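Written below as structure tokens is the structure these notes are about.
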Amino acid sequence: MQPTKDYRASHLERGASYDSYLASVPFDTYMADWERRHLVAIVGQLFPSGGPVRYLDFACGTGRVAAAVAPLCQSALGIDISSSMLSVARQKVPRVTFRQADLTTEDPDLGEFDLVTSFRFFGNAQDELREGALRAIVKRMAPAGYLIINSHRNPRSLASLFDRLTGGNAGNMDLHLGKLRAMLERHGLRIRKLRPIGAWMYRSKLLNAYRSDDPRAIANEQRFSRPWLAAISPDLIVVAQRS
């Protein structure tokens, strides 16, 4: 089921509690740890001769993703509409410039970026906001620039399918890989790389059973991070390039 509320309003006052909330949910912590590992490796692969010159973190929140990616870049900018989130981000990642703006309704002159990230946004947002965000992002991407996002609310993950089979609703999730691919392609973006996270977790209780540094988890992430498993993964890193 498509989200009905405007996601813009959901995190405006959550800056002080957001990081502790993520830390309190085992699978959120698991995803964040593996996303960070993969991001560092992927950015190095995309820019083998040196990090991107200009980097934008869209809907940057408290700077969790910027903290991992910015050290690999020459300059970094984080954009969010929440002043409370940005207050935490400025303390966490002081070398990054953070700016409060809604790029779906405002048009500041930010220049072009070689790399854009946006995490924990597209899976939560409603369709209209997703489309508006992609328009704003693509407008600011350099030719052949890269967008890296995550999709952490896949209704077709194994855990979600098992949840529905046992009477759940899988959290009213709607952004499966096919829908995401079509949305990106409408905005002139082509998927270049898929990196599943947690594809081996076929039951809901497994999502909260493992730390990212657990030996079994490490072995399974290495074994099940193949792109062909992306469609059934509960979290997914997607690398798309402007065509």
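Estimate the FRET efficiency between VAL40 and LEU165 by the formula 1/(1 + (r/R0)^6), using the beta-carbon distance for r and 35 Å for R0, to the nearest 0.05. Intermediate results must be reported in sequence, preceding the final value.
Details: r = 37 Å, r/R0 = 1.04.
After rounding to 0.05, the efficiency reads 0.45.
In percent, how large is the relative contact order of the chain, given Cα pairs closer than 8 Å and 6 or more residues apart?
Numbers: 466 pairs, mean separation 51.7, N = 243.
Relative contact order comes out at 21 percent.
Using only Cα atoms, tell me the angle between helix 15-24 and the longest principal axis of the chain; keep it within 0 to 90° and round to the nearest 10.
Compared with the principal axis, the helix lies near 30 degrees.
When each pair of different Cα atoms in segment 81-219 is counted once in the 1/r mean, what is the Kirkwood radius in angstroms, to one decimal? Could the numbers behind the result be given before it?
Values: mean 1/r = 0.0574 Å⁻¹.
Evaluated on segment 81-219, it is 17.4 Å.
Would you kindly compute the Cα radius of gyration of segment 80-132 and its largest Cα-Cα separation (Dmax), both in Å?
According to the Cα coordinates of segment 80-132, Rg and Dmax are 12.4, 33 Å.
Using 7 Å Cα-to-Cβ label points, what is the LEU110/LYS5 separation (nm, one decimal)?
Inter-label distance under the simple model: 2.5 nm.
Compute the Kirkwood hydrodynamic radius of segment 7-242, taking the inverse of the mean of 1/r over all pairs of distinct Cα atoms, and give it in Å to one decimal.
In segment 7-242 this quantity evaluates to 18.0 Å.
Read the figures in this text as sums done on the coordinates, not as results from a lab. Everything quoted here is computed from the prediction, not taken from an experiment. Don't worry about glycine lacking a Cβ; one is built from the backbone with ideal geometry, like all the others, and counts go over all protein chains shown.
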